[in-house]
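See structure below.
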Amino acid sequence: MEEVVVIVGAGSAGLATSACLNHLSISNIVLEKEDCCGSLWKKRTYDRLNLHLYKKFCSLPFKPHPPKSPAFMSKAAFVQYLDDYASSFNISPWYCRSVESAVFVEGDQKWHIEAKNTMSGEMEVYVSNFLVIATAENGEGYVPSLPGLYSFGGEVLHSSNYKSAMGDEAKEVLVVGCGNSGMEIAYDLSNIGAHASIVVKNPTPQRAVNLTV
Ligand SMILES: NC(=O)C1=CN([C@@H]2O[C@H](COP(=O)(O)OP(=O)(O)OC[C@H]3O[C@@H](n4cnc5c(N)ncnc54)[C@H](OP(=O)(O)O)[C@@H]3O)[C@@H](O)[C@H]2O)C=CC1
Ligand SMILES: O=C(O)C(=O)Cc1c[nH]c2ccccc12
């Protein structure tokens, strides 16, 4: 299969890129390893997720959020927005395609991209003039290999697998990292009476302190 542009990833960035290219009538396909678009938001976020950014900063090209919609979108509203976005701009990602390699072949000046079709198990080859990697910085959860982690008797969970505090009422939980995920998860746990502590690696940057004053 040959296209002008191959885009890897059907998250926000991949969908936005495809919409812009469709607008310019530049042929493109989106390869996505999951079976849906926006899989980070649909499969790897906690239940109480509400966006922290004002809606204006969470819109993709050509599709602003309606003036009367809530300022901070719920997870359900944002997931719906991504699905509507794909259909509004005729984006039909090729799902269950896990890109395994991409080589720019000097001879024909094209990208040769190999993707595994995870439904059939077969390798497929895509050829394009341009390659856009839109796989996101948060595509894969990372658990550092901390000493003692594997002999620890309790449950160890990456934030991308945390859904809700249900059933955790009696637990003592150590949350590692105080970014948005860490803070939200610690708050969710403490809301139902679990004992949550947070490890903070670095002091709060001065500019963040000034912003909140
Ligand atoms: N509701 C919303 O809208 C939400 C939005 N997000 C967004 O998603 C993105 C990812 O957020 P998030 O998942 O929180 O990840 P982040 O990368 O933002 O935060 C991870 C935190 O973990 C700390 N950390 C990393 N390694 C260690 C370690 N070994 N020991 C202790 N602390 C450690 C980091 O510290 P340091 O920086 O000092 O290395 C950092 O504070 C962000 O853009 C965020 O804004 C996330 C959750 C909810
Ligand atoms: O609201 C927040 O804090 C977010 O992290 C939202 C967000 C992160 N990446 C995005 C890409 C498109 C739209 C919203 C987001």
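With all protein chains present, calculate the accessible area of residue 111 using a 1.4 Å probe and round the result to the nearest 10 Å².
The accessible area comes out at roughly 70 Å².
How far apart, in nm, are the 7 Å Cα→Cβ label points at residue 190 and residue 105?
Result: 5.8 nm between the two label points.
Determine the per residue accessible area of segment 1-145 with all protein chains present and a 1.4 angstrom probe, expressed in square angstrom. Kindly include the intermediate steps, with their values, before the conclusion.
On the way: 8120 Å² over 145 residues.
Ligands and nucleic acids excluded, the result is 56 Å² per residue.
Do the alpha carbons of any pairs in 171/201; 33/75; 42/63; 56/116; 33/171 sit beyond 25 Å of each other, and which pairs? Intermediate results must be reported in sequence, preceding the final value.
Numbers: 171/201 23 Å; 33/75 21 Å; 42/63 20 Å; 56/116 36 Å; 33/171 35 Å.
Beyond 25 Å: 56/116; 33/171.
Any idea what the relative contact order of the chain is, in percent, if you count C-alpha pairs under 8 Å spaced at least 6 apart? Intermediate results must be reported in sequence, preceding the final value.
On the way: 329 pairs, mean separation 45.9, N = 213.
Taking the mean separation of contacting Cα pairs over the length of the chain, I get 22 percent.
Return the carbon/sulfur percentage of the accessible area of the chain, one whole number, probe 1.4 Å, all protein chains in place. Provide the component values of the computation, followed by the final result.
Details: 7600 of 13230 Å².
Heavy-atom surface of the chain belonging to carbon and sulfur, 1.4 Å probe: 57 percent.
Mind running the shape call on segment 1-86? Use the C-alpha gyration tensor, a ≥ b ≥ c as the square roots of the eigenvalues: rounded below 1.5 for a/c, prolate if a/b tops b/c, oblate otherwise. If you can, show how the numbers build up before the last one.
On the way: a/c = 3.14, a/b = 1.53, b/c = 2.06.
It comes out oblate by the Cα gyration axes.
How much length would be gained if the chain were fully extended between residue 114 and residue 27, taking 0.36 nm per residue of separation minus their Cα-Cα distance, in nm to one decimal?
Values: separation 87, 0.36 × 87 = 31.32 nm, distance 1.87 nm.
The residue 114-residue 27 span can extend by a further 29.5 nm.
Could you tell me the calculated FRET efficiency between residue 2 and residue 63, based on Cβ-Cβ distance and R0 = 25 angstrom, to the nearest 0.05? List each step's numbers first, then the result.
Values: r = 29 Å, r/R0 = 1.16.
With a Förster radius of 25 Å, E is 0.30.
In a shell of Cβ-Cβ distance under 15 Å around residue 81, excluding residue 81 itself, what net charge do Lys and Arg (+1) and Asp and Glu (-1) give? It would help to have the intermediate numbers written out before the result.
Numbers: positive: 42, 55, 56, 63, 68, 75; negative: 83, 84.
In short, +4.
The values are calculated or read from the model by the stated rules, or taken from the named source; none is laboratory data. Keep in mind that what you see is a predicted model, and the values were worked out from it rather than measured. Heads up, the Cβs are rebuilt from the backbone with ideal geometry, glycines too, and the neighbour counts pull from every protein chain shown. Note: areas computed on protein heavy atoms with side chains; ligands, DNA, RNA excluded. Shrake-Rupley method; radii C 1.70, N 1.55, O 1.52, S 1.80 Å.
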